[in-house]
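K.L.:
The structure follows.
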Amino acid sequence: MNSNINNAAANNEELTLTFFLNDNGVPVADVYLGERRLLATTHPATVVAAMHAMGQTKLTVKTSVGSHTAEVPFNEPGEEAWPLPTINLRMQLNPRLYQFRHLAPTTDYHLFLQGLDLFAHDTWHTPPAQADEHLRAAHHHLPKDLISRPLTTRDPKGWKRTLKNRNNFIYFPEC
């Protein structure tokens, strides 16, 4: 694991998620490691992908409703993951499985916070195409010294165009 991550843990720097509204009133998640701003995005899968890339599993989410710290349950390498629609159905049937949804001040936040739990169950070690996009975007925007799980495959054909489209949902760092 990257020594900077170990230093962050040793210094009790926590991964924190706060929000601001963009010009269209859409919640934008702002990710910090301690006082260091890392990434701002409108898609929860990008936040989860960034956590995976950094080897972080603990997240504190803060909204106007309150705050909550929880472990994000990533699958282990080689562990078979359920399809996202199945996980979504399971969580809808048992809402206690959601860790952050109760912090939503509005419906827009509700979907984002629900997505944090949902996307944590994706296969991040061998991601399907959509998850791979979020993972590559996170790797592109995160400070390189914080990445503890580097990408092991080459960029897919047309990646620069895909990244340009994905950047429409990323606010920080400047794209």
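The numbers here are math on the coordinates, done by the rules we state, and not lab data. Worth saying up front: this structure is predicted, and the values here are computed from it rather than measured. Note that each Cβ is placed from the backbone with ideal geometry, even for glycine, and that neighbours are counted across all protein chains shown.
K.L.:
Just to confirm the filter: which GluC sites (Glu not before Pro) across segment 35-123 are DSSP coil and have at most 14 other Cβ within 10 angstrom of their Cβ? Before the final figure, lay out each step's value.
P.N.:
Numbers: sites: Glu35, Glu71, Glu79, Glu80; in loops: Glu35, Glu79, Glu80.
Those satisfying the criteria are Glu35, Glu79, Glu80.
K.L.:
Can you give me the distance in nm between label points at Asp145 and Lys62, each placed 7 Å from the Cα along the Cα-to-Cβ direction?
P.N.:
The two pseudo-label positions are separated by 2.3 nm.
K.L.:
Still on this structure: Within the chain, which is the longest segment containing none of the trypsin sites (Lys or Arg not before Pro) that sit in a DSSP loop and have at most 11 other Cβ atoms within 10 Å? Working shown, then result.
P.N.:
On the way: sites that count: Arg154, Lys157.
Free of exposed loop sites, the longest segment is 1-153.
K.L.:
Counting only other residues whose beta carbon sits under 12 Å from that of Gln56, what net charge do I get with K and R as +1, D and E as -1?
P.N.:
On the way: positive: Lys58, Arg149; negative: Glu13, Glu14, Glu71.
Counting the neighbours of Gln56, the net charge comes to -1.
K.L.:
Also: I want to check a number: in the chain, how many lysine pairs have alpha carbons closer than 23 Å, given a sequence separation of 8 or more or different chains?
P.N.:
For the chain, the number of qualifying lysine pairs is 4.
K.L.:
While we're looking at this one, here's another question. Taking the alpha-carbon centroid of each part, what is the distance from segment 24-81 to segment 146-175 in angstrom?
P.N.:
Answer, in whole Å: 17.
K.L.:
Further question: If the only charges are +1 at each Lys and Arg Cβ and -1 at each Asp and Glu Cβ, what is the size of the charge dipole of the chain around the Cα centre, to the nearest 20 debye? It would help to have the intermediate numbers written out before the result.
P.N.:
Working: 16 positive and 17 negative charges, 75 e Å.
Value, rounded to 20: 360 debye.
K.L.:
Given the Cα-Cα distance of Asn22 and Leu93 and 0.36 nm per residue of separation, how much length would full extension add, in nm?
P.N.:
On the way: separation 71, 0.36 × 71 = 25.56 nm, distance 3.20 nm.
Once the chain is fully extended between Asn22 and Leu93, it gains 22.4 nm.
K.L.:
Pop a pseudo-label 7 angstrom from the Cα along the beta-carbon direction at both Glu13 and Asn168 and give the gap in nm to one decimal.
P.N.:
My value for the distance between the label points is 3.3 nm.
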